[in-house]
Amino acid sequence: FFFGSCLLPSRGLTWHRYHPFCDFCEAVMSRSLGLFGAGGACCYLYLAYQGHVALWGGPERSSWSKHLWEEADMQFLARIAEEVDFDRNAYLPMTTTRNFLRTGQRNVRYQFYWVPNAAKVVGLVHFGAETEGFPQKVHNGCSTSIAECAMQGCAQKATDSTFSTCIAMATTYRKFIPLGSTVFVEAECVQLEGSKAKVSCKLMGTDSSTVYWDGVGTFVNLVNSRPLPAKGQPEPSKKWWWPF
(Lines give C-alpha, C1' and ligand atoms only; values in the text may rest on other atoms or scores of the structure.)
Protein backbone atom coordinates (compact mmCIF):
# COMPACT_ATOMS: atom_id res chain seq x y z
CA PHE A 1 0.00 0.00 0.00
CA PHE A 2 2.88 2.36 0.84
CA PHE A 3 4.79 1.84 -2.43
CA GLY A 4 1.60 1.84 -4.47
CA SER A 5 0.62 5.22 -3.12
CA CYS A 6 4.10 6.55 -3.87
CA LEU A 7 4.27 5.23 -7.43
CA LEU A 8 0.95 6.62 -8.58
CA PRO A 9 2.06 10.29 -8.71
CA SER A 10 5.13 9.31 -10.79
CA ARG A 11 2.81 7.88 -13.45
CA GLY A 12 1.15 11.22 -14.02
CA LEU A 13 -2.01 10.41 -12.00
CA THR A 14 -3.58 12.74 -9.47
CA TRP A 15 -3.84 10.86 -6.19
CA HIS A 16 -3.87 11.69 -2.52
CA ARG A 17 -0.46 11.04 -0.95
CA TYR A 18 -0.95 8.75 2.05
CA HIS A 19 2.58 9.09 3.31
CA PRO A 20 4.84 12.12 3.89
CA PHE A 21 7.75 10.40 2.09
CA CYS A 22 5.91 10.12 -1.24
CA ASP A 23 7.71 13.14 -2.74
CA PHE A 24 11.03 11.73 -1.61
CA CYS A 25 10.27 8.30 -3.12
CA GLU A 26 9.17 9.86 -6.41
CA ALA A 27 12.42 11.84 -6.67
CA VAL A 28 14.50 8.77 -5.87
CA MET A 29 12.68 6.74 -8.53
CA SER A 30 13.11 9.37 -11.25
CA ARG A 31 16.81 9.65 -10.51
CA SER A 32 17.21 5.87 -10.39
CA LEU A 33 15.59 5.49 -13.80
CA GLY A 34 17.98 8.09 -15.20
CA LEU A 35 20.97 6.30 -13.70
CA PHE A 36 19.76 2.94 -15.01
CA GLY A 37 19.36 4.46 -18.49
CA ALA A 38 22.84 6.00 -18.44
CA GLY A 39 24.31 2.76 -17.15
CA GLY A 40 22.59 0.76 -19.87
CA ALA A 41 23.84 3.16 -22.56
CA CYS A 42 27.41 2.94 -21.26
CA CYS A 43 27.19 -0.87 -21.17
CA TYR A 44 25.90 -0.96 -24.75
CA LEU A 45 28.67 1.34 -26.00
CA TYR A 46 31.30 -0.76 -24.25
CA LEU A 47 29.95 -3.97 -25.80
CA ALA A 48 29.85 -2.28 -29.20
CA TYR A 49 33.45 -1.15 -28.75
CA GLN A 50 34.46 -4.73 -27.91
CA GLY A 51 32.65 -5.98 -31.02
CA HIS A 52 29.97 -7.99 -29.20
CA VAL A 53 27.00 -5.94 -30.44
CA ALA A 54 26.39 -3.84 -33.54
CA LEU A 55 26.72 -0.08 -33.25
CA TRP A 56 23.40 1.19 -34.58
CA GLY A 57 23.78 4.33 -36.69
CA GLY A 58 20.15 5.32 -36.93
CA PRO A 59 17.47 4.56 -39.53
CA GLU A 60 18.40 4.18 -43.19
CA ARG A 61 17.66 7.12 -45.48
CA SER A 62 16.10 6.54 -48.87
CA SER A 63 18.50 9.05 -50.48
CA TRP A 64 21.49 6.80 -49.72
CA SER A 65 20.61 4.18 -52.35
CA LYS A 66 19.51 5.83 -55.58
CA HIS A 67 18.44 3.94 -58.68
CA LEU A 68 19.59 6.68 -61.06
CA TRP A 69 22.12 9.49 -61.15
CA GLU A 70 20.91 12.86 -59.92
CA GLU A 71 20.43 15.64 -62.48
CA ALA A 72 23.55 17.44 -61.24
CA ASP A 73 25.56 14.21 -61.58
CA MET A 74 24.30 13.71 -65.14
CA GLN A 75 25.39 17.23 -66.07
CA PHE A 76 28.79 16.59 -64.49
CA LEU A 77 29.25 13.38 -66.50
CA ALA A 78 28.08 15.13 -69.66
CA ARG A 79 30.82 17.74 -69.27
CA ILE A 80 33.39 14.95 -68.97
CA ALA A 81 31.95 13.11 -71.98
CA GLU A 82 32.45 16.21 -74.12
CA GLU A 83 36.23 15.79 -73.75
CA VAL A 84 36.43 12.09 -74.60
CA ASP A 85 35.09 9.66 -77.15
CA PHE A 86 32.19 8.17 -75.19
CA ASP A 87 31.66 5.12 -77.40
CA ARG A 88 35.28 4.03 -77.25
CA ASN A 89 36.59 5.29 -73.90
CA ALA A 90 33.67 4.81 -71.52
CA TYR A 91 34.12 1.83 -69.22
CA LEU A 92 31.67 -0.94 -69.99
CA PRO A 93 30.09 -3.23 -67.34
CA MET A 94 32.40 -5.84 -65.85
CA THR A 95 32.42 -9.29 -67.43
CA THR A 96 32.16 -11.10 -64.10
CA THR A 97 28.78 -11.33 -62.36
CA ARG A 98 30.26 -11.75 -58.88
CA ASN A 99 32.27 -8.56 -58.47
CA PHE A 100 31.31 -6.88 -55.21
CA LEU A 101 31.62 -3.43 -56.80
CA ARG A 102 28.74 -4.25 -59.16
CA THR A 103 25.88 -5.35 -56.94
CA GLY A 104 23.26 -2.67 -57.50
CA GLN A 105 22.50 0.77 -56.17
CA ARG A 106 22.72 -0.28 -52.51
CA ASN A 107 26.45 -0.88 -52.90
CA VAL A 108 28.56 1.06 -55.42
CA ARG A 109 27.65 2.68 -58.73
CA TYR A 110 30.26 4.42 -60.85
CA GLN A 111 31.04 5.73 -64.32
CA PHE A 112 34.65 6.29 -65.41
CA TYR A 113 36.21 7.85 -68.50
CA TRP A 114 39.71 7.55 -69.91
CA VAL A 115 41.25 10.88 -70.98
CA PRO A 116 44.10 9.96 -73.38
CA ASN A 117 45.74 13.39 -73.64
CA ALA A 118 46.14 13.65 -69.87
CA ALA A 119 46.76 9.93 -69.19
CA LYS A 120 44.11 9.91 -66.47
CA VAL A 121 40.81 8.34 -65.52
CA VAL A 122 38.00 10.58 -64.23
CA GLY A 123 34.43 9.93 -63.20
CA LEU A 124 31.84 9.74 -60.46
CA VAL A 125 31.15 7.17 -57.74
CA HIS A 126 28.02 6.85 -55.61
CA PHE A 127 28.24 4.94 -52.31
CA GLY A 128 24.97 3.25 -51.32
CA ALA A 129 23.62 2.15 -47.96
CA GLU A 130 25.49 -1.17 -47.85
CA THR A 131 28.94 0.43 -47.99
CA GLU A 132 28.69 1.48 -44.35
CA GLY A 133 31.65 1.04 -42.03
CA PHE A 134 31.51 3.56 -39.19
CA PRO A 135 27.83 4.45 -38.66
CA GLN A 136 26.56 6.62 -41.54
CA LYS A 137 30.04 6.74 -43.09
CA VAL A 138 31.50 4.82 -46.04
CA HIS A 139 33.84 1.97 -45.08
CA ASN A 140 37.47 2.96 -45.66
CA GLY A 141 38.13 -0.34 -47.38
CA CYS A 142 35.31 0.37 -49.82
CA SER A 143 36.72 3.78 -50.76
CA THR A 144 40.15 2.20 -51.28
CA SER A 145 38.67 -0.56 -53.45
CA ILE A 146 36.95 1.87 -55.79
CA ALA A 147 40.10 4.00 -55.97
CA GLU A 148 42.17 0.94 -56.86
CA CYS A 149 39.67 0.09 -59.58
CA ALA A 150 40.18 3.51 -61.17
CA MET A 151 43.96 3.32 -60.74
CA GLN A 152 44.13 -0.12 -62.30
CA GLY A 153 42.09 1.06 -65.26
CA CYS A 154 44.40 4.04 -65.66
CA ALA A 155 47.50 1.81 -65.58
CA GLN A 156 46.09 -0.57 -68.17
CA LYS A 157 45.01 2.21 -70.51
CA ALA A 158 48.29 4.13 -70.18
CA THR A 159 50.45 1.10 -70.95
CA ASP A 160 47.98 -0.54 -73.35
CA SER A 161 48.19 -3.79 -71.40
CA THR A 162 45.53 -6.46 -71.21
CA PHE A 163 45.87 -7.34 -67.53
CA SER A 164 47.60 -5.63 -64.60
CA THR A 165 47.52 -5.86 -60.84
CA CYS A 166 48.46 -3.68 -57.87
CA ILE A 167 51.64 -4.71 -56.05
CA ALA A 168 51.99 -1.76 -53.66
CA MET A 169 49.82 1.11 -52.49
CA ALA A 170 50.16 3.99 -50.03
CA THR A 171 46.89 5.60 -48.93
CA THR A 172 45.78 8.53 -46.80
CA TYR A 173 42.26 8.69 -45.34
CA ARG A 174 41.69 12.40 -44.90
CA LYS A 175 37.96 12.53 -44.12
CA PHE A 176 35.05 10.14 -43.74
CA ILE A 177 32.81 9.96 -46.79
CA PRO A 178 29.17 10.37 -45.69
CA LEU A 179 26.96 7.45 -46.63
CA GLY A 180 24.98 8.10 -49.81
CA SER A 181 27.55 10.54 -51.20
CA THR A 182 28.55 10.97 -54.83
CA VAL A 183 32.25 11.78 -55.16
CA PHE A 184 34.61 12.71 -57.99
CA VAL A 185 37.46 10.28 -58.75
CA GLU A 186 40.65 11.24 -60.56
CA ALA A 187 43.44 8.72 -61.22
CA GLU A 188 46.55 9.83 -63.14
CA CYS A 189 49.53 7.87 -64.45
CA VAL A 190 52.58 9.71 -63.12
CA GLN A 191 55.39 7.32 -64.01
CA LEU A 192 56.14 4.44 -66.38
CA GLU A 193 59.11 2.16 -65.79
CA GLY A 194 59.41 -1.07 -67.70
CA SER A 195 56.40 -3.22 -66.95
CA LYS A 196 55.41 -1.07 -63.95
CA ALA A 197 53.11 1.95 -63.84
CA LYS A 198 52.82 4.37 -60.93
CA VAL A 199 49.37 5.91 -60.56
CA SER A 200 48.10 8.57 -58.15
CA CYS A 201 44.44 8.95 -57.22
CA LYS A 202 42.09 11.24 -55.31
CA LEU A 203 38.49 10.94 -54.12
CA MET A 204 37.00 14.41 -53.83
CA GLY A 205 33.72 16.25 -53.53
CA THR A 206 32.14 17.11 -56.87
CA ASP A 207 33.30 20.69 -56.42
CA SER A 208 36.88 19.43 -55.76
CA SER A 209 37.06 21.49 -52.56
CA THR A 210 37.08 18.49 -50.19
CA VAL A 211 39.57 15.64 -50.50
CA TYR A 212 38.37 12.46 -48.78
CA TRP A 213 41.05 10.02 -49.91
CA ASP A 214 44.32 10.13 -51.80
CA GLY A 215 46.98 7.58 -52.56
CA VAL A 216 49.63 6.27 -54.91
CA GLY A 217 49.86 2.73 -56.25
CA THR A 218 52.29 0.67 -58.32
CA PHE A 219 50.84 -1.68 -60.91
CA VAL A 220 52.62 -4.39 -62.86
CA ASN A 221 51.51 -5.48 -66.31
CA LEU A 222 50.82 -9.19 -66.62
CA VAL A 223 50.11 -9.25 -70.36
CA ASN A 224 51.20 -6.59 -72.85
CA SER A 225 49.42 -6.31 -76.17
CA ARG A 226 52.34 -4.36 -77.66
CA PRO A 227 55.58 -2.65 -76.48
CA LEU A 228 55.23 0.00 -73.79
CA PRO A 229 55.22 3.64 -74.89
CA ALA A 230 58.12 5.93 -74.10
CA LYS A 231 58.47 6.85 -70.45
CA GLY A 232 56.32 9.82 -69.52
CA GLN A 233 54.43 9.77 -72.84
CA PRO A 234 51.41 7.46 -72.46
CA GLU A 235 49.60 6.71 -75.71
CA PRO A 236 45.81 6.37 -76.02
CA SER A 237 44.50 2.83 -76.13
CA LYS A 238 42.96 1.49 -79.35
CA LYS A 239 40.82 -1.05 -77.51
CA TRP A 240 37.13 -0.24 -77.10
CA TRP A 241 36.42 -2.88 -74.47
CA TRP A 242 37.05 -2.97 -70.71
CA PRO A 243 38.21 -6.42 -69.51
CA PHE A 244 37.18 -6.12 -65.86
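What to note about this one:
- Residue in the stretch 188-205 that is among the acidic types (Asp, Glu), assigned to a loop (DSSP other than H, G, I, E, B) and either at pLDDT below 90 or touching a Lys or Arg at 6+ places or on another chain (Cβ under 6 Å) (or both) present: no
- Of all residues in the stretch 214-243, those that are modelled with pLDDT under 85, crowded, with 17+ Cβ neighbours inside 10 Å and of a type in the set (Phe, Trp, Tyr) total 1.
- Within the stretch 67-116, the set of residues being at pLDDT 65 or above, under 20 Å from GLU188 (Cβ atoms) and of a type in the set (A, V, I, L, M, F, W, C) comprises PHE76, LEU77, ILE80, ALA81, VAL84, PHE112, TRP114, VAL115.
- Some residue of the stretch 203-213 being surrounded by 14 or more Cβ atoms within 10 Å (Cβ to Cβ) and among the charged types (D, E, K, R): no
- Selection status of ALA150, modelled with pLDDT under 75 and of a type in the set (Gly, Ala, Ser): no
- Subset of the stretch 157-178 [assigned to a helix (DSSP H, G or I) and either without any contact (Cβ under 8 Å) to a residue 12 or more places away in the chain or under 26 Å from MET74 (Cα atoms) (or both)]: LYS157
The values are calculated or read from the model by the stated rules, or taken from the named source; none is laboratory data. Quick caveat: nothing in here was measured; it's all calculated off a predicted structure. Counting neighbours? That spans all protein chains shown, and the Cβs are built from the backbone with ideal geometry, glycine included.
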